[in-house]
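Everything below concerns the one structure shown next.
The values are calculated or read from the model by the stated rules, or taken from the named source; none is laboratory data. The structure displayed is predicted, hence computed values, not measured ones. Every residue, glycine among them, receives a Cβ derived from its backbone with ideal geometry; neighbour counts consider all protein chains shown. Ligands, DNA and RNA are stripped out before the accessible areas are found, and what is left, the full protein with its side chains, is counted by its heavy atoms. Shrake-Rupley method; radii C 1.70, N 1.55, O 1.52, S 1.80 Å.
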Amino acid sequence: MRARYGVPLGIMAAGAAGVAYAAGFEVRSFRLRRVTVPVLPPGMRPLRMLQVSDIHMVGGQRKKQRWLQSLAGLRPDFVINTGDNLSDPEGVPETLDALGPLMEFPGAYVFGSNDYYGPKLRNPARYLLEKTSGKHGLNGNAPAVGVVHNPWEDLRDGFDTAGWLNLTNQRGVLKVEGVSIELTGLDDPHIKRDRYARVAGGPSEGHDFSMGVVHAPYLRSLDAFTADGYPLVLAGHTHGGQLCIPFYGALVTNCDLDTDRVKGLSTHTAEGNTSYLHVSAGCGTNRYTPIRFACPPEATLLTLVERV
């Protein structure tokens with residue numbers, strides 16, 4: 001009996017332990033990553049930028065709320081929120097409360113699909129099927145029907161009241177201790193709300209630094225930002241793969257970005273130009289898949305320094 005059933009039972013035990021770790025510990029094991037990016041013009045002082053992404057707030061997530069509040073202790077020069085704040089139609093008050101201390105700093109935001117629409121229960125295997133078929137989100141798929149509409153207007157109003165810039169297919173300028181930072185943003189490409197033509201043209205004259213911001217790092221958006229000469233593009237959406245294989249990495253990105261760049265700092269090249277790309281693995285999950293494995297939830301403090 002031992003020879004016949006020992007291996008399957010061992011595999012089952014290991015699998016159960018992995019699920020327990022992913023759901024019970026790692027999903028709440030919040031981390032801060034620190035990254036240095038050489039993108040500023042010569043002679044410009046360093047800038048400390050905090051990126052938060054993919055919070056996917058669900059009511060009662062007190063540890064996540066306290067951790068987000070604690071990030072204000074980093075005293076960043078400014079904050080960028082790259083979307084998917086919600087995973088619960090009732091989550092707006094708790095999201096604004098969690099981000100309240102950070103909204104005391106200059107900041108800007110774009111929205112992701114989960115800010116507009118509530119999540120649906122899905123078979124995780126569909127992400128692998130979408131990868132092989134080249135279809136992601138509404139890009140190539142039929143429009144979503146029967147979805148829950150989140151109160152994104154309340155979230156927008158809260159951010160706007162705090163003074164954060166709305167970069168929904170718009171440009172904006174942050175003034176940080178005399179430094180002029182131009183931000184060019186897009187609405188979420190994952191649900192085909194991006195309208196790059198409205199913001200095309202590249203960095204404007206008269207600003208000390210310019211960069212692009214988008215939720216989902218689809219190649220069409222990265223190509224557009226890079227071809228226009230932005231030295232840095234920020235994105236989220238991928239959850240870093242969320243369920244990764246140790247020593248291998250992510251299996252999917254939930255967009256057409258390759259898995260080698262699913263999270264962290266990399267580069268992107270288009271039309272002879274090269275930009276730095278930073279993709280945040282985010283700090284939350286869809287409420288129906290509240291697990292992370294080999295991919296802890298995170299925020300990132302990026303220190304922008306002179307380019308070399």
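Summary of computed values
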item: Solvent-accessible area per residue, Å², over the range 32-306 with all protein chains present [probe radius 1.4 Å]; result: 40 Å²
item: Pairwise FRET efficiency - Glu26 versus Glu177, Cβ, R0 = 41 Å, nearest 0.05; result: 0.65
item: GNM result for the chain, Cα springs below 10 Å: residue of Pro297, Pro38, Pro119 fluctuating most strongly; result: Pro38
item: Asp188 accessible area, 1.4 Å probe, all protein chains in place, Å² to nearest 10; result: 0 Å²
item: Whole-Hz ³J(HN,Hα) from phi, Karplus 6.51 cos²θ - 1.76 cosθ + 1.60, for the range 102-107, glycine and proline x; result: 6, 6, 7, 9, x, x
item: Estimated translational D of the range 110-177 in µm²/s (Stokes, Kirkwood radius over Cα pairs; 10 °C; 1.306 mPa s); result: 107 µm²/s
item: Of Leu155, Leu96, Leu121, the one that fluctuates the most in a GNM where the chain has Cα springs shorter than 10 Å; result: Leu121
item: Inter-label distance for Glu153 and Thr303, nm, one decimal - labels placed 7 Å from Cα along Cα-to-Cβ; result: 4.4 nm
item: Inter-probe distance in nm under a simple model that places probes 7 Å from Cα toward Cβ, at Arg195 and Asn273; result: 2.2 nm
item: Calculated P(r) of the chain - Cα pairs past 25 Å, %; result: 47 percent
item: Max mean-square fluctuation residue, GNM over the chain, Cα-Cα springs under 10 Å, options Ser204, Ser266, Ser87; result: Ser204
item: At most 16 other Cβ within 10 Å, DSSP loop - trypsin sites (Lys or Arg not before Pro), the range 172-208; result: Lys192, Arg195
item: Two-site label geometry, Ile245 and Arg66: point separation in nm, points 7 Å out along Cα→Cβ; result: 3.7 nm
item: Chymotrypsin sites (Phe, Trp or Tyr not before Pro) within the range 196-245: DSSP coil, no more than 10 neighbouring Cβ in 10 Å; result: none
item: Within the chain, helix-based [θ] at 222 nm, where runs of 4 or more DSSP H residues each add -39,500 (n - 2.57), nearest 500; result: -7000 deg cm²/dmol
item: Charged-residue dipole, Cβ positions (Lys, Arg, Asp, Glu), the range 32-306 about Cα centre, Debye nearest 20; result: 780 debye
item: Cβ-derived FRET efficiency at R0 41 Å, Thr259 paired with Arg45, nearest 0.05; result: 0.70
item: Folded to 0 to 90 degrees: helix 152-162 orientation relative to the chain principal axis, Cα; result: 50 degrees
item: Low-density loop cleavage sites - trypsin sites (Lys or Arg not before Pro) in the range 209-308, where at most 14 other Cβ are within 10 Å (DSSP); result: Arg307
item: 10 Å Cβ shell holding at most 14 others, DSSP loop, GluC sites (Glu not before Pro): longest site-free stretch of the chain; result: 1-89
item: Point-charge dipole on Cβ atoms (K/R +1, D/E -1) for the range 72-223, about Cα centre, debye to 20; result: 840 debye
item: Length-normalised contact order for the chain - Cα pairs under 8 Å, 6+ apart - percent; result: 27 percent
